[in-house]
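Data first, discussion second: the structure below is written as structure tokens.
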Amino acid sequence: MSEIKSAIITGATGAVGSALARVCAERGMQVTAIVRPDSARGVNLAGCGAKIVHCDLASLSSLEWRLSADAFFHLGWDGTYGEARSDLERQSNNILYTLDAVSLAASSGCKVFVGAGSQAEYGTGGVLRPDTPCFPKSGYGIAKFSAGAMSRAKCAQLGIRHVWCRILSVYGPCDGKYTLISSLISALSSGGTAKVTAGDQIWDYMYSDDAALALLSAAERGKDGAVYCLGSGKARALKEYMLDVKSAVGGGDIAFGAIDYYPDQVMHLEADISSLTHDTGFVPQTDFADGIRRTVEYFRSTK
């Protein structure tokens, strides 16, 4: 077991990053959050006690030898939504940023590097396991897969333990406004009607605090070179999740089937977390009903 007393986090202003910063701080760890200078989401770290270092991903090398920590969590990524996911040059830059993050981890004295991968690395659906073959289709998925493989090789060269966590679907406070859950809460909270697909997809949603605990568990006890899938380990119809959101909001309506599925719509997305649980002891703690209630409360508190 690795004792972690300090951590560096990139991508610390998102749902998972901000939850991770808070969880680490609550455990008495010193947290350094690397935040874009022009980020409007820095407010998400208010009150967590993290030291904020303003630096964009392209300038990570400028921080070498200036920071110190036991663990490095690389969650930062440029171009996660919409057409940016297909921008090959933009996505390829993320591979270089990830390698720069490994170099920064080394100069900071970190013993473990935990990278945030994605289900997009698989290029398919179903029950996803660490050894499920990867055939990524999007530039985003290809870059995530490449970043994981190349950062693993660089960590081996530098003597840093490497863990890669492929995240499925996360929701929670501080989530981006373009996600399904956030947009659904917004539409329902205004008393409007949310237009969605039929919702027959079988999906696996994980609360952001659980994702944070999973990443921390991976850093403390994950095997060197391991790949873990991050999800709740349970899946059900997307329509059921959306009805839970409507219940938590207490208003609005949902027009199921008003939007067609994408031509390449994944109809089943579920994480097999057995290896993560076996190696680290991690077990999700928050069911969707409780997590979505907290998420709706956060949404209302920030309006």
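Report the net charge of residues surrounding Glu297, where surrounding means a beta-carbon distance below 14 angstrom and charges are Lys +1, Arg +1, Asp -1, Glu -1.
Details: positive: Arg293, Arg294, Arg300, Lys303; negative: Asp175, Asp209, Asp290.
Neighbour charge sum, excluding Glu297 itself: +1.
With r defined as the distance between the Cβ atoms of Ser190 and Arg294 and R0 fixed at 30 Å, what FRET efficiency is calculated, to the nearest 0.05?
Numbers: r = 20 Å, r/R0 = 0.67.
According to the calculation, E is roughly 0.90.
What whole-number value in Å² describes the accessible area per residue of segment 175-245 for a 1.4 Å probe?
Details: 2520 Å² over 71 residues.
Averaged over the residues of segment 175-245, the accessible area is 36 Å².
In the set (1) 0.95; (2) 1.43; (3) 0.98, which value of Rg/Rh (Cα atoms, Kirkwood Rh) was calculated from the structure you see?
Structure-derived value, by its label: (1).
What's the magnitude of the charge dipole for the chain around its Cα centre, counting Lys and Arg as +1 and Asp and Glu as -1 at the beta-carbon? Answer in Debye, nearest 20.
In debye, rounded to 20, the chain gives about 480.
Out of all DSSP beta bridges in the chain, what portion is antiparallel? Express it as a percent rounded to 5.
On the way: 2 of 41 bridges.
Counting only bridges with both partners in the chain, antiparallel ones make up about 5 percent.
Rounded to the nearest percent, how much of the accessible area of segment 80-224 (1.4 Å probe, protein heavy atoms only) is carbon and sulfur?
Working: 2940 of 5580 Å².
Carbon with sulfur: 53 percent of the solvent-accessible area.
In nanometres, what is the gap between the two model label sites at Arg90 and Ala198, each 7 Å from Cα along Cα-to-Cβ?
3.3 nm
Could you work out how far apart the two model spin labels at Lys177 and Thr302 are, taking each label as a point 7 Å from the Cα in the direction of the beta carbon, and quote it in nm?
1.0 nm
Set the Förster radius R0 to 51 Å, insert the Cβ-Cβ distance between Lys5 and Ile259 as r into 1/(1 + (r/R0)^6), and round the FRET efficiency to 0.05. All intermediate terms of the calculation are to be shown ahead of the outcome.
On the way: r = 48 Å, r/R0 = 0.94.
So, using R0 = 51 Å, E works out to roughly 0.60.
Normalised by the number of residues in segment 1-132, what is the relative contact order in percent for Cα pairs under 8 Å and 6+ residues apart? It would help to have the intermediate numbers written out before the result.
On the way: 196 pairs, mean separation 32.3, N = 132.
Reported as a whole number, the value is 24 percent.
So what is the relative contact order for segment 67-202, in percent, with contacts set as C-alpha pairs under 8 Å and at least six apart?
Details: 176 pairs, mean separation 34.7, N = 136.
Computed value for segment 67-202: 26 percent relative contact order.
With contacts defined as alpha carbon pairs under 8 Å and 6 or more residues apart, what's the relative contact order of the chain in percent?
Details: 637 pairs, mean separation 56.7, N = 303.
Relative contact order comes out at 19 percent.
Excluding Cys155 itself, what net charge comes from residues whose Cβ is under 12 Å from its Cβ, given Lys and Arg +1 and Asp and Glu -1? Spell out each step's value before the answer.
On the way: positive: Lys111, Arg152, Lys154, Arg161; negative: Asp224.
Cβ neighbours under 12 Å give a net charge of +3.
Keeping all protein chains in place, calculate the accessible area per residue for segment 72-155 (probe 1.4 angstrom), answer in Å².
Numbers: 3330 Å² over 84 residues.
That works out to 40 Å² per residue.
Given the options Ala143, Ala46, Ala71, state which has the largest fluctuation in a GNM of the chain using a 10 Å cut-off (strictly under) for Cα springs.
Between Ala143, Ala46, Ala71, it is Ala46 that shows the largest mean-square fluctuation.
Order Arg27, Arg129, Arg66 by their accessible area, 1.4 angstrom probe, all chains in place, largest first.
Solvent-accessible surface, decreasing: Arg66, Arg27, Arg129.
What does the net charge come to around Leu184 if you take all other residues with beta carbon closer than 15 Å to its beta carbon, with K and R at +1 and D and E at -1? Display every interim value, and only then the final one.
Details: positive: Lys177, Lys195, Lys239, Lys246, Arg293, Arg300; negative: Asp175, Glu240, Asp244, Asp253.
So the surrounding residues net to +2.
Determine which lysines satisfy two conditions relative to Lys177: a Cα distance under 30 Å, and not lying fewer than 8 residues away in the same chain.
Lys51, Lys137, Lys144, Lys195, Lys234, Lys239, Lys246, Lys303
The values are calculated or read from the model by the stated rules, or taken from the named source; none is laboratory data. Note that this is a predicted model, so its numbers are computed, not measured. Methodologically, a virtual Cβ is constructed for each residue, glycine included, from the backbone with ideal geometry; neighbour enumeration extends over all protein chains shown. Keep in mind that these areas ignore ligands, DNA and RNA; they rest on the heavy atoms of the full protein, side chains included. Shrake-Rupley method; radii C 1.70, N 1.55, O 1.52, S 1.80 Å.
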